[in-house]
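Derivation of every value follows stated rules applied to the coordinates shown; laboratory data play no part. Note that the coordinates shown come from a computational prediction; the quantities given were computed from them, not determined experimentally. In this analysis, Cβ positions are derived from the backbone assuming ideal geometry, glycine residues included, and neighbour counts consider all displayed protein chains.
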Amino acid sequence: MTDLQTSLFIIGGAFLVGVISYNKWQEYKAKKSVERAFSGSHDDVLMTPGKESGEPQVRHEPQLFDAAGDADQAAMAEPSHDDIEQTAEQHALEPQFGNPASTAGAGHAVPAPALRKDLPVDDLIDCAIPLVLETPIRGDKALPALQSLRHVGNKPIHFIGEDLNGDWEPVAHGGVYSTLLAGVQMANRSNPLNEIEYSELVMRLRQIADDLGAEPDLPDMPEVINTARSLHQFVIEHDAQLGVNIQSNGAPWAISTLLAALARQGFDARPEGRMVMSDGDGGLLFSLSTNASAVAETTSRLTLLLDVPRVAPSRDGYGAMVACGRSLAARLGGVLVDDSNQPLADVQLAEIAGQVDAFYREMDAAEIPAGSVRALRLFS
């Protein structure tokens, strides 16, 4: 089978899934309309204040829980000095990502909520989908259903809820929510959210909504996919890893002795074989590679790597990496070189520092500051 035939099969399959999902959704909407028209259910006096009783209702405030999880450290490459220069000269992509749910399908007209930055659903990098509840729901009841949907493909999904005061928070035990909001991340370093992943999300959300007595307000697939592709293009254009090498001026270094010395320098060994320099607050400044196989006994070259979009400017990851490289070169009898093995003079290092600053300004302009939670999630 040729690549063209394979591509046509994939495209055809995605189109078929979308058509089937749309038809199922129309059937679902008709069913819910009939159920609401003939519903004889009574309000839950524990959930709806001021009803079924002449006395004012007292409600316990829902507990607030911290949003969890930084993105895992991504795999690193080694671009040349010219690579970082080319990256820094690119213009920042204008933030056109937006939230597709703000123009969601007809019939519901649910406005996109203004979300706090500390919530796990981010209206810039997530496709936020409201789940409109028929009656308020307790977090204890909602959580088992919501926890069954954590990913589609390699894209994480988070849920938040609007409490009876109109505040948004992660869905938690003890909370009572009038509306739920599902957020699926639209892009990462690997790829954007695609048609198959979105169709899977829609089908699974409908099942959850049916179980909870809710109705999802779904944005149109083409709009979501276009937004996801724009976001992924931004990731591609700002995915920069910057390397500085220390080359031995004489005999190769013994790795066993070298690793012990690096540990004293402040590096931490990771199970996958990398050594990393911590920023002191649980994050990473840069990493180090010995450029040697697991069975090698010596190496004549070390490489320091800075994952630029994942380190905040205030950490000065580039400055710390260069200072560490100079210190290692002085102690080990080496010299700082670029990927072409050409010595890096102070004037060149200062020029690269200016390019890194320009890179950070571009990310700020796109409202995705380097080292922020947004950046850590996207560049993962």
- Message: I'm a student and want to see the number: the projected area of the Cα convex hull of the stretch 107-195, averaged over all directions, in nm².
- Response: 6.6 nm²
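I'm checking a number: the convex hull volume of the Cα atoms of the stretch 308-354, normalised per residue, in Å³. What is it? The partial results should precede the final answer.
Numbers: hull volume 4.2 nm³, N = 47.
Taking only Cα atoms, the stretch 308-354 has a hull volume of 89 Å³ per residue.
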- Message: So if I restrict to the alpha-carbon atoms in the stretch 189-265, what is the Rg, and what is Dmax, the biggest pairwise distance, in Å?
- Response: 24.5, 72
- Note on the structure: Sequence order, the stretch 336-341: Karplus ³J(HN,Hα) from phi using 6.51 cos²θ - 1.76 cosθ + 1.60, θ = phi - 60°, Hz rounded, Gly and Pro as x, gives 6, 9, 8, 5, 8, 6
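Evaluate the Kirkwood expression for the hydrodynamic radius of the stretch 240-380, namely the inverse of the mean inverse distance over all pairs of different C-alpha atoms, and round to one decimal in Å.
Numbers: mean 1/r = 0.0633 Å⁻¹.
Kirkwood hydrodynamic radius for the stretch 240-380: 15.8 Å.
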- Item | Amide H within-cut-off set for Ala240, under 5 Å, with H built and near neighbours excluded | Val308
- Debye log10 I(q)/I(0) at q = 0.13 Å⁻¹ for the stretch 143-243, Cα point scatterers: -0.54
- Report, in whole Å, the centroid distance computed from the Cα atoms of the stretch 225-245 and the stretch 311-357. 23 Å
- Task: With a point put 7 Å past each Cα toward its Cβ, work out how far Ile236 is from Arg361 in nm, to one decimal.
- Result: 2.6 nm
- Task: Step through the residues of the stretch 319-332 one at a time and calculate ³J(HN,Hα) from phi using the Karplus curve (6.51 cos²θ - 1.76 cosθ + 1.60, θ = phi - 60°), rounding each to whole Hz and writing x for Gly and Pro.
- Result: x, 5, 5, 5, 4, 5, x, 5, 5, 5, 4, 5, 6, 9
- Note on the structure: Debye calc, one equal point scatterer per Cα of the stretch 159-301, no solvent, log10 I(q)/I(0) at q = 0.10, 0.17, 0.19 1/Å comes to -0.66, -1.01, -1.12
- Task: Select from the stretch 286-370 those GluC sites (Glu not before Pro) which occupy a DSSP coil region and have at most 13 other Cβ atoms within 10 Å, ordered by residue number.
- Result: Glu297, Glu367
